[in-house]
1. Calculate, axis by axis, the spread of Cα positions in region 82-180 along the three principal axes, and write the results as whole Å, longest axis first.
2. Could you sort out which of Lys72/Lys96; Lys78/Lys115; Lys15/Lys148; Lys94/Lys115 sit more than 22 Å apart by Cα distance in this structure?
3. Enter the accessible area of His112 (Å², nearest 10), with the probe set to 1.4 Å and all protein chains included.
4. Under a point spin-label approximation (7 Å from Cα along Cα-to-Cβ), what is the Val173-Thr74 distance to one decimal in nm?
5. Could you state how much accessible area Ile58 has, in square angstrom rounded to the nearest 10, with a 1.4 Å probe and all protein chains kept in place?
6. With the chain treated as a Gaussian network of Cα nodes joined by springs under 10 Å, which of Leu16, Leu66, Leu81 yields the largest mean-square fluctuation?
7. At what distance in nm do the modelled label points of Gln127 and Ser149 sit from each other, each positioned 7 Å from its Cα along Cα→Cβ?
8. Report the convex hull volume per residue for region 1-97, counting only C-alpha atoms, in Å³.
Amino acid sequence: MRPLTEAETRAVFEKLGRYIGENIQLLVDRPDGTYCFRLHRDRVYYLSEKLLKVAASIPRDSLVALGSCFGKFTKTQKFRLSVTALDFLAPYAKYKVWVKPGSEQSFLYGNHVLKSGLGRITENTAQYQGVVVFSMADVPLGFGVAAKSTQECRKVDPMAIVVFHQADVGEYVRNEDTLT
C-alpha cells in the first residue's frame, strides 16, 4: 500500500473528472474527515485517513484490500474504473441518464442503452461524456459514455445506441470472484 505517483494520480483524477467534474474535491475533503487514494497490487483504494493509520500496522503481504476499490491500473498503466466506485460517483455526477424500467435488465446484463430505453438525460450532455446511469426511481445502476449528445438523442431512431456500457451493478453477480 503506497500513495499514488504523480502520473497515477493524474490518470485517476482524469477518469473521475469525466464523471464528476470538479466535484473530485468533495471526495477528498468530506465533512466526516479527510479521505485519500492508495495503491495496493495495481488497485486504487479510497479510504479515510483514520483507516490508513490503522492499516499501517498490517504487513503488505497479509493485506487483501482496504477501503473501497475505485478501479485498477491495467498492464499498460491505463486506469479502469470499477463498479465498486459507483456509490461515490452517483451523488456527484454532472451528467446523468435515466433508463426506462424495461431497459434496466438489459443494461444490468451488460448491454448498451438504446434510444428506446432512454427515460431522461441531463441537458447539454456532450458526445463521449461520462454519464452515470440511473433507474427511473433514482437508483444508480452503473456508468458509461454518452454515444450521442442530448440534441442528437432527440433525432435518432429508437434502436440507436445512446450510452455505451462500461460498468453496472450486475457485475457483482457476473464477476463476484474477481471483484475486491
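1. Between the extreme Cα coordinates on each principal axis of region 82-180 lie 42, 26, 23 Å.
2. On the way: Lys72/Lys96 24 Å; Lys78/Lys115 30 Å; Lys15/Lys148 19 Å; Lys94/Lys115 20 Å.
Exceeds cut-off: Lys72/Lys96; Lys78/Lys115.
3. Around 80 Å² of this residue is reachable by solvent.
4. Between Val173 and Thr74, the label points sit 2.7 nm apart.
5. Surface accessible to solvent at Ile58 totals approximately 80 Å².
6. Leu66
7. So the two model labels end up 0.8 nm from each other.
8. Details: hull volume 9.8 nm³, N = 97.
Convex hull volume per residue, Cα atoms: 101 Å³.
The values are calculated or read from the model by the stated rules, or taken from the named source; none is laboratory data. Because the structure is a prediction, the values reported are computed rather than measured. Quick reminder, even Gly has a Cβ in these numbers, built from the backbone with ideal geometry, and neighbours come from all protein chains shown. With ligands, DNA and RNA removed, areas are computed over all heavy atoms of the protein, side chains included. Shrake-Rupley method; radii C 1.70, N 1.55, O 1.52, S 1.80 Å.
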